[in-house]
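This report refers to the structure that appears directly beneath it.
The values are calculated or read from the model by the stated rules, or taken from the named source; none is laboratory data. Only a predicted model underlies this, so the values are computations on that prediction, with no experimental measurement involved. Every residue, glycine as well, gets a Cβ built from its backbone with ideal geometry; the counts of neighbours run over all protein chains shown.
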Amino acid sequence: MLTPVPTADLLFTGGSDAWGASTLAVHDGRILAVGEEAREFAGPRTEVVELRGRLLLPGFQDAHVHAVMGGLELGQCDLTGTTDVRVYLERIGAYAEANPDAAWIVGSGWSMESFPGGTPARGLLDDVVRDRPVCLTNRDHHGAWVNSRALELAGITADTLDPPDGRIDREPGGAPAGGLQEGAMSLVARVLPPATPADRLAGLLRAQRLLHSLGITAWQDALLCGTNGYPDISDAYLTAAGDGSLVSAVVGALWWDRESGLEQIAGLVEKRERFTIGPMRGGSVKFMLDGVVENFTAAMTVPYRDACGSPTDNHGLSFIDREELARSVTAVDALGFQAHFHALGDRAVRDALDAVAAARDANGRRDTRPHLAHLQVVHPDDIPRFRTLGATANIQALWAAHEPQMDELTLPFLEPGPAGRQYPFGDLLRAGAPLAAGSDWPVSSPDPLLGIHVAVNRAHLGGDRPAFLPEQALGLRAALGAYTAGSARVNHLDDTGELRPGFRADLVVLDRDPFAGPPAEIGETRVALTVVNGERVYSAD
């Protein structure tokens, strides 16, 4: 008896061959055939998509994003897109006027470069909103700007001690100035009204729509079950994965509580089981190792400079003791968890790699696929260790460019060695490190094409600044590979990330072929169509 030949549901034809798929057939949510033979599967009910030279790719995947947080912030006071303090204050005032019943004014997106020394003043907020507390996180979410009413409700005074993992910015005399860095944000976070489950679910679905419009078909949420002052947003995923409104495959990173120890592992195992539902998996554990360079909390092997260029004794903050980290990573690796590290400074990167090495020595080479996100500074001695250990370099390419936050708040405070080793994507690739990519949205734009533009050009689209350490640029093919196959591997989505028969039909169509134009125009490329499991989830038309 002859086996019936399947008929394509979708047939893409006439595209660029730059990715090897000018023609592609889809059946029942899977790629049926690639190349000219795909035409043989067309039938009377096949929907034909004429690409007209545009580029068809595997769907982008974001290997480090905060989708629920980003979706929530889309509905709050938005300070992104400007560095003008006057514009900030206008937006804050307008938001407060438009939301008279809001007990708190909350939002995010301001830049440290907008304020002298990166420190915002509470008095500016007091002049705009005096009757209600205000709490606004900066664009990297490692600092907050608060007004006097918020400080009062949180009980923060000149006598309040800095927490061990953070800093209260202070006026002369010791009074709180209005800026809270790292762990000091939790002093206000504990009195903030929490978002409701309905808020979080709406934020997730809002985020999913945005990510689909940018060609992102799957992602890893880097903060599923928060602690240490970060919110728990896991109920949104449980609801959406259970009722079918979560369309994309998602890996949730369970937060490692740095104030607890190995006793939390039983809870992580329970959460992994609970969050394995529908397209959701909870098999990653997030280790937050340090802060960020701009507020001098990224953990460095050499100390920061002061404003005069002189060495200090500040090496940044390590949130987890390196020996404790090695024990913890070894323990979760033995149970099949993936270790997902936040590591910006070169000391944090080394500690993470040492922990992976300890896990490899104790457990053997397991398919846990550890990855290190951010990697602002990597010591040259540690570059080859990524390949040796099988640890993936998870890059946030949009940050690797000259901008005021880099030129005014980073370069003057780093010694020449680490300053010249920032975002070493090229060195990592040449050393054979596996590359994945993510956005860290809402810290920065979730648009993969803008990140790819910077990865290739080491400069922002349309900017007038020179390329930043151009020897660390990636080629377009390598950058696209990081955002597709590289992130798919990190996410353990082994039937995605490539255009191969039998793979999931998670696809993106670009409005042009970026290989055919100059590199300086890559960031002008837009998404024309996004397909998840063979179904359209976004169309620019």
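Summary table
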quantity: Residue in segment 157-166 that is outside the structural domain of Gln405 (by TED's automatic domain parsing), touching a residue at least 24 places away in the same chain (Cβ under 8 Å) and polar (S, T, N, Q) present; calculated: yes
quantity: Yes/no for Thr80 being within 30 Å of Ala253 (Cα to Cα), of a type in the set (Val, Ile, Thr) and surrounded by fewer than 20 Cβ atoms within 10 Å (Cβ to Cβ); calculated: yes
quantity: Among the candidates Leu89, Leu51, residue that is outside the structural domain of Ala207 (by TED's automatic domain parsing) and in contact with a Leu (Cβ under 8 Å, 6 or more places away or on another chain); calculated: Leu89
quantity: Criterion violated by Asp506 - all others in (1) touching a strand residue (DSSP E or B) at 6+ places or on another chain (Cβ under 8 Å); (2) under 24 Å from Arg350 (Cα atoms); (3) among the charged types (D, E, K, R) satisfied; calculated: (2)
quantity: Unique match (being aliphatic (A, V, I, L, M), part of a loop (DSSP other than H, G, I, E, B) and closer than 21 Å to Ser444 by Cα) among Ala373, Ala401, Ala393; calculated: Ala401
quantity: Residues of segment 293-334 satisfying the condition of being over 20 Å from Glu408 (Cβ atoms) and over 25 Å from the mean Cα position of the chain (by Cα); calculated: Val302, Asp313, Glu323, Glu324, Arg327, Ala331, Ala334
quantity: Flag for Gly291 being surrounded by 24 or more Cβ atoms within 10 Å (Cβ to Cβ) and either at pLDDT below 95 or touching an Asp or Glu at 6+ places or on another chain (Cβ under 7 Å) (or both); calculated: yes
quantity: Given (1) in contact (Cβ under 8 Å) with a residue 40 or more places away in the chain; (2) within 22 Å of the chain's Cα centre (by Cα); (3) not in a loop (DSSP other than H, G, I, E, B), index of the condition Ala177 fails; calculated: (2)
quantity: Filter result for Ala455 (of a type in the set (A, V, I, L, M) and either over 25 Å from Gln61 (Cα atoms) or part of a loop (DSSP other than H, G, I, E, B) (or both)); calculated: no
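Conditions tested, residue by residue: (1) surrounded by fewer than 20 Cβ atoms within 10 Å (Cβ to Cβ); (2) part of a helix (DSSP H, G or I); (3) among the hydrophobic types (A, V, I, L, M, F, W, C); (4) touching a Leu at 6+ places or on another chain (Cβ under 9 Å).
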residue	(1), (2), (3), (4)
Gly93	yes, yes, no, no
Asp101	yes, no, no, no
Gly107	no, no, no, yes
Asp127	yes, yes, no, yes
Arg130	yes, no, no, no
Asp159	yes, no, no, no
Pro164	yes, no, no, yes
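One line per residue, one yes/no per condition, for (1) part of a strand (DSSP E or B); (2) surrounded by fewer than 18 Cβ atoms within 10 Å (Cβ to Cβ); (3) among the β-branched types (Val, Ile, Thr); (4) modelled with pLDDT under 95:
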position: Leu224; (1), (2), (3), (4): yes, no, no, yes
position: Gly229; (1), (2), (3), (4): no, yes, no, yes
position: Ala240; (1), (2), (3), (4): no, no, no, no
position: Leu246; (1), (2), (3), (4): no, no, no, no
position: Ser260; (1), (2), (3), (4): no, yes, no, yes
position: Val269; (1), (2), (3), (4): no, yes, yes, no
position: Glu273; (1), (2), (3), (4): no, yes, no, no
